[in-house]
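Structure record follows, encoded as structure tokens.
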Amino acid sequence: MCGIVGYIGEKQAAPILLDGLAKLEYRGYDSAGLAVYDEGKITVRRAVGKLVNLVEKTEEGRAVKGTLGIGHTRWATHGKPNEKNAHPHTGSRFSLVHNGIIENEAELRRRFLSDTEFASETDTEVIVRLMDKFTADGEAVDVAIMHLIDVLEGSYALAIIDSLDGEHMYAVKNKSPLLVGKGDGFNMIGSDAMAMIAHTEWFYEIHDKEFAVVSRDGVEIFTSYSQKVSREPYKAELDLSDISKGTYPHYTIKEIEEQPLVLRRIMQEYMDENGELSVPEEILADLRECDKIYIVACGTSYHAGIIGKHFFEKISGKPADSFVASEFVYNMPLLSEKPFFIFISQSGETADSRAVLVKIKQMGHKALTITNVKGSTLSREADHTLLLYAGPEIAVASTKAYSAQVAVLAILAAALKNNIGINLKYELALVANTIESLCGDKELFSRLAKEYIVPSRNCFYIGRGEDYYVCLEAALKLKEISYIQTEGFAAGELKHGTIALIEKDTPVVAIITQANTQLNTRSNVKEVLSRGAKVIRIAMKSVSSHGDQIVVGDVHEILSPLVSVVPAQYLAYYSALHLGCDIDKPRNLAKSVTVE
Ligand code: AGP
């Protein structure tokens, strides 16, 4: 996902833009650039690859003068990741940066820009050329922006500066995230609060098809039909210490080891000192009213949703199912009479999930969003929100957010049923302590990763029931940061074909925590061993046996995913470390995928 920063104030803009872009590096990108206004002229500098290339090109910003500017980190969608396609894109008058995809760019080129010479392959350049054209045709800037909103189809977060105006910059938004940061004597624009938190903790939300006119001492927000919006800024619950690595070499390992803290924070937020669960009654009422829960998410959040389905059916006795958002929106199953939707999204900005939310809201159904980002799109557009309280998750590979999602789902499922027969506060506290003890086994995880996994180009995770659900997440973790092709597989299903792939030294990791299936999984382990596999067994103590290389402490069986996933997270981390991968920012990936 691209990163956007804008600044207008009394200080030199370029260093502030570079610092803001550095705070957005975690989102994933392949080029960067900035444009700064100074005395009637806009200077643009762009660089391919890491941000450090732009920092060097602009001498840490010193070489580009001016107190008004915009910056961008690009994750290529239209056009290769090269300097020509990097943002900002500049026309005869305006310069702008864009996050999103313009779906009707070809039609716009034909309709408005048939005689325009384009310098890039991007859809973004179409936007800046339209601004040039509309204003050249006599439209004022705000009218031209409203005209843009009228003709653009797709997702866009824009920051725009005008070479004829050193007093304003413009923020325009539809579907892609964008905020305005409110300062004292300055104001900013950013893709998220992270880019601006070093300067302000007050932000204005911009809603879809709105635009903001931002000056040094004011912010005015308008609808696409020029109606002024009065909206109070909100205070972000972020602080700079949240977004630094501290003594850790990578955010990924820091966030793996923050999981006990996150679980304890969640217990504070959703339980009182006696362990009574506190979930808003209106959410429970909607859940009780429905006849089936539809859980919709992507990636790791989808894997948490599978466990959530299991919780709702096993703990609350409520029918539930979980779905990949990108499939659901185009292949919606036959819905029950009274469906209720739960969207799980760390970022709260995932376009695939949001597309489903828009559709089910149009159908008149209700939704809850479980997210880590207060005020995110999926949070604002659902009927209810439950926060993860996991703190900013910087690493692209989600770890602490996954555990937070599973924990919040367990609490929600338990709150739905008056008495679930277990003391959830005690059991979650035990989980937190058990995870904490695993932090002491790093050397073991590193050695196993090096001996069993790193030498191979593929790997399998196998398990049954809850263990299988964790295998899906374990496999995603390993492949997305070490690039080793990995599959999470139902242990009993392996022999129905896929076992043909097992050969000498193929690494297989078996997850064994459930008393009722442990013997079955152990016989599946024997099947792969007899075909030459090298097996790592992750077992819960009460069902462990001699030779299990990783034994995790006993917790309540239904909460075992919270514990058994942790060794898998470590194995992924150390495999990637031994392979010299870019662990926090894996190739091709973005932290939040805000395009469909
Ligand atoms: C997780 O490790 C991945 N980075 C990815 O699968 C992620 O979980 C997915 O894109 C969903 O993101 P969200 O939770 O912000 O909606």
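The values are calculated or read from the model by the stated rules, or taken from the named source; none is laboratory data. Predicted, not measured: the structure shown is a model, and the values here were computed from it. Here Cβ is always computed from backbone atoms with ideal geometry, including for glycine, and neighbour counts include all displayed protein chains.
Determine whether the stretch 539-553 contains at least one residue that is away from the ligand (no atom under 16 Å from the Cβ), touching a residue at least 60 places away in the same chain (Cβ under 8 Å), among the small types (Gly, Ala, Ser) and surrounded by fewer than 24 Cβ atoms within 10 Å (Cβ to Cβ). Steps first, answer last, please.
Within the stretch 539-553, the first condition is being away from the ligand (no atom under 16 Å from the Cβ), and the residues that meet it are 539-553.
If we keep only those that are touching a residue at least 60 places away in the same chain (Cβ under 8 Å) too, we end up with 549-550, 552-553.
From what is left, the residues that are among the small types (Gly, Ala, Ser) are 553.
Adding the requirement that they be surrounded by fewer than 24 Cβ atoms within 10 Å (Cβ to Cβ) leaves 553.
Yes; the residues of the stretch 539-553 include at least one that is away from the ligand (no atom under 16 Å from the Cβ), touching a residue at least 60 places away in the same chain (Cβ under 8 Å), among the small types (Gly, Ala, Ser) and surrounded by fewer than 24 Cβ atoms within 10 Å (Cβ to Cβ).
Name the single residue, out of those in the stretch 185-198 being at pLDDT 95 or above and not small (Gly, Ala, Ser), that is farthest from residue 346 (Cα to Cα).
Filtering the stretch 185-198 for residues that are at pLDDT 95 or above and not small (Gly, Ala, Ser), the one farthest from residue 346 (Cα to Cα) comes out as 186.
Just wondering, is there one or more residues in the stretch 336-343 that are crowded, with 22+ Cβ neighbours inside 10 Å, part of a strand (DSSP E or B), without any contact (Cβ under 8 Å) to a residue 60 or more places away in the chain and in contact with a Phe, Trp or Tyr (Cβ under 6 Å, 6 or more places away or on another chain)?
Yes - at least one qualifying residue is present in the stretch 336-343.
From the list 96, 54, pick out the single residue that is buried (at least 23 other Cβ atoms within 10 Å of the Cβ), of a type in the set (A, V, I, L, M) and part of a helix (DSSP H, G or I).
Details: 96 fails: part of a helix (DSSP H, G or I).
Selected residue: 54, the only one of 96, 54 that is buried (at least 23 other Cβ atoms within 10 Å of the Cβ), of a type in the set (A, V, I, L, M) and part of a helix (DSSP H, G or I).
Check whether at least one residue in the stretch 359-373 is farther than 24 Å from residue 23 by Cα, at pLDDT below 95, away from the ligand (no atom under 14 Å from the Cβ) and assigned to a loop (DSSP other than H, G, I, E, B), and report yes or no.
Quick first cut of the stretch 359-373, residues farther than 24 Å from residue 23 by Cα only: 359-370.
Of the ones still in play, those that are also at pLDDT below 95 are none.
No, the stretch 359-373 contains no residue that is farther than 24 Å from residue 23 by Cα, at pLDDT below 95, away from the ligand (no atom under 14 Å from the Cβ) and assigned to a loop (DSSP other than H, G, I, E, B).
Could you please give the count of residues in the stretch 176-198 that are over 20 Å from residue 591 (Cα atoms) and surrounded by fewer than 24 Cβ atoms within 10 Å (Cβ to Cβ)?
Taking the stretch 176-198 as the starting set, the residues that turn out to be over 20 Å from residue 591 (Cα atoms) are 180-188, 198.
Remaining after also requiring surrounded by fewer than 24 Cβ atoms within 10 Å (Cβ to Cβ): 182-186, 198.
Summing the residues that are over 20 Å from residue 591 (Cα atoms) and surrounded by fewer than 24 Cβ atoms within 10 Å (Cβ to Cβ) in the stretch 176-198 gives 6.
Tell me yes or no: at least one residue of the stretch 291-311 is within 14 Å of the ligand (Cβ to nearest atom) and over 20 Å from residue 470 (Cα atoms).
There is no residue in the stretch 291-311 that is within 14 Å of the ligand (Cβ to nearest atom) and over 20 Å from residue 470 (Cα atoms).
Considering 443, 451, 503, 480, which residue is of a type in the set (Asp, Glu), touching a Leu at 6+ places or on another chain (Cβ under 9 Å) and farther than 22 Å from residue 554 by Cβ? Break it down stepwise before answering.
On the way: 443 fails: touching a Leu at 6+ places or on another chain (Cβ under 9 Å); 451 fails: touching a Leu at 6+ places or on another chain (Cβ under 9 Å); 503 fails: touching a Leu at 6+ places or on another chain (Cβ under 9 Å).
Only one candidate passes the filter, namely 480.
In the set 67, 43, which member is crowded, with 18+ Cβ neighbours inside 10 Å, of a type in the set (Ser, Thr, Tyr) and free of Cβ contacts under 8 Å to residues at least 40 places away in the same chain? Walk me through it before giving the result.
Numbers: 67 fails: free of Cβ contacts under 8 Å to residues at least 40 places away in the same chain.
After applying the criteria, what remains is 43.
Would you call residue 349 part of a loop (DSSP other than H, G, I, E, B) and buried (at least 24 other Cβ atoms within 10 Å of the Cβ)? Talk me through it step by step, then tell me what you get.
Details: part of a loop (DSSP other than H, G, I, E, B): yes; buried (at least 24 other Cβ atoms within 10 Å of the Cβ): yes.
For residue 349, the condition - part of a loop (DSSP other than H, G, I, E, B) and buried (at least 24 other Cβ atoms within 10 Å of the Cβ) - is met.
So which pairs qualify, if the first residue must be in the stretch 231-260 and closer than 17 Å to residue 200 by Cβ, the second must be charged (D, E, K, R) and modelled with pLDDT of 85 or more, the Cβ gap must be under 6 Å, and the two must be at least 6 apart or on different chains?
233/182; 235/201; 236/201
Among the residues of the stretch 392-442, count how many are at negative phi, part of a loop (DSSP other than H, G, I, E, B) and either within 16 Å of the ligand (Cβ to nearest atom) or free of Cβ contacts under 8 Å to residues at least 60 places away in the same chain (or both). Reasoning before the result, please.
At the first step, the residues of the stretch 392-442 found to be at negative phi are 392-420, 422-442.
With the extra rule that they be part of a loop (DSSP other than H, G, I, E, B), the set shrinks to 392-399, 417-420, 422-423.
Still in the running and either within 16 Å of the ligand (Cβ to nearest atom) or free of Cβ contacts under 8 Å to residues at least 60 places away in the same chain (or both): 392-399, 418-419.
Counting residues in the stretch 392-442 that are at negative phi, part of a loop (DSSP other than H, G, I, E, B) and either within 16 Å of the ligand (Cβ to nearest atom) or free of Cβ contacts under 8 Å to residues at least 60 places away in the same chain (or both) gives 10.
Could you check the stretch 374-391 and list, in sequence order, the residues that are at pLDDT 90 or above and away from the ligand (no atom under 12 Å from the Cβ)?
380, 381, 382, 383, 384, 385, 386, 387, 389, 391
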